[in-house]
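**Q** Structure in structure tokens, see below.
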Amino acid sequence: MSSTEFHDEEILDDTTAAGADPYRQTGDPDVDATYYADGGDWDDIAEAQAERGDETIVVNMGPQHPSTHGVLRLILELDGETVTDCRVAIGYLHTGIEKSMEYRTWSQGVTLCTRMDYLTPFFQEVSYCLGVERLLGIEADVPEKASVMRVLLMEMNRIVNHLVAIGTTGNEMGATTVMTVAFREREVIFDMIEMITGLRMNNGFIRPGGVANDLPAGAIPKLREMSAWLHAHLPEVGQLCDDNPIFRARLDNGIGFLDLSACMALGTSGPPLRATGLDWDLRKKQPYCGYETYDFDVVTDDGCDAYARFVVRRDEMFEALKIIDQAIDRLERMDGQPWMVDDPKIAWPARLTVGPDGQGNANEHIRHIMGESMESLIHHFKLVTEGFQVPPGQAYVPVESPKGELGAHVVSDGGTRPYRAHFRDPSFANLQGLPAMAKGAMLSDVSVAGASLDMVIGGVDR
């Protein structure tokens, strides 16, 4: 029997003999018909549905839907407006980044992994490079200035991510102004990221052994201007949301509820975990890049719902700004210090000097490798085309991404390319919590619950 057919006589004959409800669940697929929106004659479907004792229907939300944070498909079973079941279907993006990394050098892997979660590029780059540096045995040799620059860029990126998370949450509920205000501050930070790395997104700036380039001339005053702007304008984002009763009502009072036991069972981390009251933050629990030397607090809330996750992200932006200010102070005292490990067999590109446009190679660099030193030219060519060798082994180094624990598991067979690279992406792990949050909720709350997880499908499918 198809899902759009309904035989009253068969069911009545089968059930009335037992003196039971003719619409009970019997376990017989020919009896327990479920109605899917899969075509057919709608008059027949509507007539048959009217004969049922329930109103369960199946609706696809996505993969082309403005509120699913990318190409995510949610298969929802609805009883009226109430979600009775939710299944998550992924794989529509399937970029194949991790497999592609096996065919590129260790340095080129940065260009690939930075594009996974396109809202948190620096965190993927740092996690991957920390893993490569552990395999190379040069963790202690990475210059302090490189670590401080990594922290600066990651915390700027953290604010960028949280602004997008809060802004898109508002936009998906129809509050477009929340997104436009959040994106205003995002652009201010992007201006500084572009000044330092040459790109606004997908930067590929963090390299094994350090960072690609030093801070450009005049960067410190501009970074201080950015900090002053954010101190003055970031509060507006929170006030705009908190002072709006509709925003509060759509997120508060148990919407998207996920408590500590559920988070622990599902491997949830980041703001959704800290929104249950647990102060788990890898920057404090398992420090890296010198985070143990910075003064900041781990933000928590005990609401366990979508509003609690908003509160954590809202307040985390100010803690990130505290770290940014400390990093700027340190960088001001490090003028002229190295930013890449002092090993010409690892540092890539070799002895690069950036031109006055901030993009291409400087004339003195080209003159040296092309006209003064055949050895430098050969070395530069081999390092860029073949890459450096990494001793056999494997390493997993997690970092605290804005979305949760992000870790790169890199495996080397002793060659110039990764034998295997796999990322523990927090969006993928946190997405497991969405069915638990959606079941029993209203259909209108599914978008809010999903937005509160702040998943990016580029990281889920990678």
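**Q** Among the residues of the stretch 297-307, is any out of contact with any His (no Cβ under 6 Å at 6 or more places or on another chain), farther than 15 Å from E405 by Cβ and open to solvent by 80 Å² or more (accessible area, probe 1.4 Å)?
**A** yes
**Q** I've got another one for you. Name, by its number, the condition in (1) touching a residue at least 12 places away in the same chain (Cβ under 8 Å); (2) assigned by the TED database to the domain that holds F190; (3) not aliphatic (A, V, I, L, M) that does not hold for G91.
**A** (2)
**Q** Follow-up question, since we're still on this one. Search the stretch 74-98 for residues being among the charged types (D, E, K, R) and closer than 16 Å to A436 by Cα, and hand back the single one that is surrounded by the most Cβ atoms within 10 Å (Cβ to Cβ).
**A** Checking each candidate, the answer is E77.
**Q** Continuing with the same structure: Which residues, taken from the stretch 99-149, are among the charged types (D, E, K, R) and open to solvent by less than 10 Å² (accessible area, probe 1.4 Å)?
**A** D117, E125, E133, K145
**Q** Where in the stretch 386-447 are the strands (runs of 3 or more DSSP E), entirely inside, with at least 2 residues that are surrounded by fewer than 21 Cβ atoms within 10 Å (Cβ to Cβ) and among the hydrophobic types (A, V, I, L, M, F, W, C)?
**A** none
**Q** Separate question: So is R87 within 23 Å of K345 (Cα to Cα) and over 16 Å from the mean Cα position of the chain (by Cα) or not?
**A** No, not satisfied.
**Q** Separate question: Would you mind stating whether M116 is without any contact (Cβ under 8 Å) to a residue 40 or more places away in the chain and either hydrophobic (A, V, I, L, M, F, W, C) or touching a Gly at 6+ places or on another chain (Cβ under 8 Å) (or both)?
**A** So M116 fails the test.
**Q** Just one of R309, R283 is closer than 26 Å to M192 by Cα, of a type outside the set (A, V, I, L, M) and not in a loop (DSSP other than H, G, I, E, B); which is it?
**A** Sole residue among the options that is closer than 26 Å to M192 by Cα, of a type outside the set (A, V, I, L, M) and not in a loop (DSSP other than H, G, I, E, B): R283.
**Q** Can you find a residue in the stretch 242-263 that is in contact with a helix residue (DSSP H, G or I) (Cβ under 8 Å, 6 or more places away or on another chain), closer than 25 Å to Q124 by Cβ and either in a helix (DSSP H, G or I) or outside the structural domain of E405 (by the TED database) (or both)?
**A** Yes, that holds for at least one residue.
**Q** Against the conditions (1) in contact with a helix residue (DSSP H, G or I) (Cβ under 8 Å, 6 or more places away or on another chain); (2) in a helix (DSSP H, G or I); (3) over 24 Å from V456 (Cα atoms); (4) of a type outside the set (G, A, S), where does L273 fall short? Just the number, please.
**A** The single condition L273 does not satisfy is (3).
**Q** Also: List every residue pair whose Cβ atoms lie under 8 Å apart, where the two residues are 6 or more positions apart in sequence or sit on different chains, the first residue falls within the stretch 301-322 and is in the same structural domain as G404 (by the TED database) and of a type in the set (S, T, Y), and the second residue, located anywhere, is crowded, with 24+ Cβ neighbours inside 10 Å and assigned to a helix (DSSP H, G or I).
**A** Sorted first by the residue in the stretch 301-322, then by its partner, the pairs are Y307/L251.
**Q** Looking at the stretch 160-170, which of its residues are more than 16 Å from Y118 (Cβ to Cβ) and either open to solvent by 10 Å² or more (accessible area, probe 1.4 Å) or under 15 Å from the mean Cα position of the chain (by Cα) (or both)?
**A** I166, T169
Matching residues to (1) open to solvent by less than 10 Å² (accessible area, probe 1.4 Å); (2) in a loop (DSSP other than H, G, I, E, B); (3) in contact (Cβ under 8 Å) with a residue 12 or more places away in the chain:
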position	(1), (2), (3)
A182	yes, no, yes
E187	no, no, no
F190	no, no, yes
R200	no, yes, no
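**Q** State all residues of the stretch 228-237 that are touching a residue at least 60 places away in the same chain (Cβ under 8 Å) and open to solvent by 10 Å² or more (accessible area, probe 1.4 Å); if no residue qualifies, say none.
**A** H231
The values are calculated or read from the model by the stated rules, or taken from the named source; none is laboratory data. Remember, it's a predicted structure, so these values are computed and weren't measured experimentally. Cβ sites come from the backbone with ideal geometry, for glycine too, and all protein chains shown count toward neighbours. Keep in mind that these areas ignore ligands, DNA and RNA; they rest on the heavy atoms of the full protein, side chains included. Shrake-Rupley method; radii C 1.70, N 1.55, O 1.52, S 1.80 Å.
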